[in-house]
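Have a look at the structure below before the remarks.
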Amino acid sequence: MATILNIETATAVCSVALARDGKILAWEEANEGMAHSEKIAVFIRSVMDRASLPLAALDAIAIGSGPGSYTGLRIGTATAKGLCYSLNKPLLSIPTLKAMAMAAAKKLNRTDALYCPLIDARRLEVYTGVYDSTGKEIIPVHAKILDETSFSEYKTIAFFGDGMPKFKATLAQNPPIGGIKGGFVWMDDIYASALNMCTIAEEMYAAKTFSDVAYYEPFYLKDFVAGKKVIN
């Protein structure tokens with residue numbers, strides 16, 4: 001039985017969940033844009049206080065590894081690594097898309113379906129992958145530009161995440177020949193969250209699947225490109 005602090009900052013949602021034996025003790029999250037640097041320390045303090053536990057009682061820190069926002073991932077990673085160093089605790093790295101897919105599979109409870117998380121990557125691009133109901137990766141994580149033919153090869157597939165509305169809008173604006181497939185399932189309440197990580201983190205802790213704190217880096221998928229400042 002382990003007490004694990006789970007942190008997910010790959011998207012606009014800043015999310016922290018404290019769990020013991022995979023069961024949630026306390027959680028905080030907010031979807032307020034990229035305000036992670038303002039929220040994350042407050043959320044960590046809040047969940048520890050609500051559980052009446054000191055940070056020293058933690059057995060491990062789990063971090064959502066991405067892909068997603070470069071800035072969000074950097075903030076979450078720096079926080080998690082700082083806690084690991086200061087408390088001398090191990091680090092667990094949990095793929096954000098896989099955690100979302102497993103949460104969706106648990107909720108939908110259909111073994112015949114595939115599960116496709118979509119994280120917004122600006123314009124018509126998303127970060128995505130395809131998983132079966134056990135969390136096995138069917139299509140590896142990649143960046144995909146959406147169009148009306150996207151995912152049409154699958155019979156029954158569930159979509160979720162902050163990139164899902166963009167895909168629905170794409171299909172509405174450019175309906176595929178024959179119409180939108182009846183096997184497309186839309187799940188509005190699954191998104192990148194520390195709540196998705198708790199069971200996976202417990203399993204990884206039991207298996208001692210730890211990341212090297214010194215060398216750990218999140219999975220950015222794409223290189224960071226800074227925007228040019230426009231001076232009038």
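The values are calculated or read from the model by the stated rules, or taken from the named source; none is laboratory data. Note that the structure is a prediction, hence the values are computed from the model and not measured. So basically every Cβ, Gly included, is an ideal-geometry build from the backbone, and we count neighbours across all protein chains shown. Heads up: the accessible areas ignore ligands, DNA and RNA and are worked out on the full protein's heavy atoms, side chains in. Shrake-Rupley method; radii C 1.70, N 1.55, O 1.52, S 1.80 Å.
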(message) Quick check on my filter: what residues within the range 50-75 are surrounded by fewer than 18 Cβ atoms within 10 Å (Cβ to Cβ) and farther than 13 Å from residue 36 by Cα?
(response) 50, 51, 52, 53, 54, 55, 56, 57, 59
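Can you give me the number of residues within the range 87-108 that are in contact (Cβ under 8 Å) with a residue 24 or more places away in the chain and surrounded by fewer than 18 Cβ atoms within 10 Å (Cβ to Cβ)? Explain how you work it out, then say what you get.
So the first thing to find is which residues in the range 87-108 are in contact (Cβ under 8 Å) with a residue 24 or more places away in the chain, and the list is 87, 89-105, 107-108.
Still in the list and also surrounded by fewer than 18 Cβ atoms within 10 Å (Cβ to Cβ): 87, 107-108.
Residues flagged as in contact (Cβ under 8 Å) with a residue 24 or more places away in the chain and surrounded by fewer than 18 Cβ atoms within 10 Å (Cβ to Cβ) within the range 87-108 amount to 3.
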(message) Step by step: first the residues of the range 212-227, then only those that are at pLDDT 95 or above and out of contact with any helix residue (DSSP H, G or I) (no Cβ under 9 Å at 6 or more places or on another chain), then the one that is least open to solvent (accessible area, probe 1.4 Å). Which residue is that?
(response) 212
(message) Among the residues of the range 23-49, what is the count of those that are at pLDDT 95 or above, open to solvent by less than 40 Å² (accessible area, probe 1.4 Å) and over 23 Å from residue 103 (Cβ atoms)?
(response) 1
(request) Pick out the one residue from 120, 132 that is among the charged types (D, E, K, R), modelled with pLDDT of 95 or more and open to solvent by 60 Å² or more (accessible area, probe 1.4 Å). (result) 120
(request) Could you list all residues from the range 134-147 that are in contact with a helix residue (DSSP H, G or I) (Cβ under 6 Å, 6 or more places away or on another chain) and not hydrophobic (A, V, I, L, M, F, W, C)? (result) 135
(message) Given the condition under 22 Å from residue 66 (Cβ atoms), buried (at least 17 other Cβ atoms within 10 Å of the Cβ) and of a type in the set (Lys, Arg), answer yes or no: does some residue in the range 156-173 qualify?
(response) yes
(request) Please go through the range 190-205 and pick out each residue that is open to solvent by less than 80 Å² (accessible area, probe 1.4 Å) and not hydroxyl-bearing (Ser, Thr, Tyr). (result) 190, 192, 194, 195, 196, 197, 198, 200, 201, 202, 204
